[in-house]
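Worksheet: the structure to be examined is printed underneath.
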Amino acid sequence: MARTALITGITGQDGSYLAEHLLAQGYEVWGLVRGQNNPRAATVQRLIPDLRLIEGDLHDQSSLIAALEAARPDEVYNLGAISFVALSFKQAINTGEITGLGVTRVLDAIRVVNPRIRFYQASSSEMFGKVRETPQNELTPFHPRSPYGAAKAYGHHITVNYRESYGMHAVSGILFNHESPRRGMEFVTRKITHTAARIKLGLERELRLGNLDARRDWGYAGDYVRAMHLMLQQSEPDDYVIASGESHSVREFLAAAFGHLGLRWEDHVVVDERFLRPAEVDVLVGDAGKARRVLGWQPGVGFADLVVMMVESDLRELTASGAASASASASAP
């Protein structure tokens, strides 16, 4: 009999990749959406026709209980969050409610409906923040530097608490930055690749960014969702760092993206203080040795190939939309 999974955050990058992966594994997959007229629900439904959508809200535990009772999942993947770090500074309380307390509401709904459901929590490398050691592993202390990181740290610890208090099969994946052509436009990686493509096509002239020296451990989202699934297949619940083990600066990302298009990023990028964080996280790089040993997981797409994948996708999308030809027509004498 096919297993069933319920995914919160289904309209995000990870939710769509995870749904596709689970469907390929023979699962019946449900995606939790907030509100009947969620504009992103139709998009993900078109992308993944076999996905089943169900209403629920991380603010409202009763709706989560109802969703669990209707979908009757074997596994729940909690990917729902306010996941844009910059926005978390502007919406700190709402970030705590959704990214932090939302985890508790899902866990407690599972405890009430069926504590045998296996639970995955999307933890984040942003929990490490002002890092105590490099690279960071499962035992590295947390020192979050944003409301998002602090809320994720709460969600991580409450997952451990429910595992130890109620014997639930609850795990956390401490995922380092992972990107793809489906990444939201507000994230720096997609902002770079999309704007670089627009500049190549003559649609833009400059790109404004914040800290170019920040270094991150960037991987491919499609690889990282495989790790999520593998964690819930283990006989004992545990937490795992998922990372490439390589650190690259925003400058390096710019060089790779613009260079692929035959452009010099220095001719187009402007540092804008509006995009600087109140408290910066300078360097993040993960040690995924435990995931390799226990899960047998390893990334398949490297940094350079990831950047090219994203740039080419944005270039195709813009070209197919006719944006370039429309711009040329508008500027013609």
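For every residue, the table says whether it meets (1) free of Cβ contacts under 8 Å to residues at least 60 places away in the same chain; (2) outside any loop (DSSP other than H, G, I, E, B); (3) at positive phi.
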site	(1), (2), (3)
120	no, yes, no
131	no, no, no
138	no, no, no
156	no, yes, no
165	yes, yes, no
182	no, no, no
186	no, no, no
208	no, yes, no
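Taking the criterion of being at positive phi and not acidic (Asp, Glu), would at least one residue in region 9-16 satisfy it? Checked against the condition, which is being at positive phi and not acidic (Asp, Glu), region 9-16 yields at least one hit.
Could you check, for region 270-280, whether at least one of its residues is free of Cβ contacts under 8 Å to residues at least 24 places away in the same chain, assigned to a loop (DSSP other than H, G, I, E, B) and either crowded, with 17+ Cβ neighbours inside 10 Å or on the phi < 0 side of the Ramachandran plot (or both)? No, there is no match, as no residue in region 270-280 is free of Cβ contacts under 8 Å to residues at least 24 places away in the same chain, assigned to a loop (DSSP other than H, G, I, E, B) and either crowded, with 17+ Cβ neighbours inside 10 Å or on the phi < 0 side of the Ramachandran plot (or both). Remark: residue 308 falls outside the filter, which requires a residue to be within 18 Å of residue 201 (Cβ to Cβ) and either touching a Leu at 6+ places or on another chain (Cβ under 6 Å) or among the polar types (S, T, N, Q) (or both). Give me the residue from region 140-154 that is assigned to a helix (DSSP H, G or I) and touching a Pro at 6+ places or on another chain (Cβ under 9 Å) and, out of that set, farthest from residue 92 (Cα to Cα). Only one residue tops the list, namely 153. Is one or more of the residues making up region 46-62 part of a helix (DSSP H, G or I) and within 15 Å of residue 15 (Cα to Cα)? Looking through region 46-62, at least one residue is part of a helix (DSSP H, G or I) and within 15 Å of residue 15 (Cα to Cα).
Considering only residues in region 281-319 that are more than 19 Å from the chain's Cα centre (by Cα) and part of a loop (DSSP other than H, G, I, E, B), the one that is nearest to residue 124 (Cα to Cα) turns out to be 282. Of all residues in region 69-90, those satisfying the criterion of being of a type outside the set (Val, Ile, Thr) and not in a helix (DSSP H, G or I) are 72, 73, 74, 75, 77, 78, 79, 80, 81, 83, 84.
When the criteria are applied in full, residue 66 fails the requirement of being of a type in the set (Gly, Ala, Ser), more than 27 Å from residue 114 (Cα to Cα) and in a helix (DSSP H, G or I).
Here, each number is a calculation from the coordinates, and none is a lab measurement. Everything numeric in this text was worked out from a predicted model, so none of it was measured. Reconstructed Cβ throughout: ideal geometry from the backbone, glycine too, with neighbour counts over all protein chains shown.
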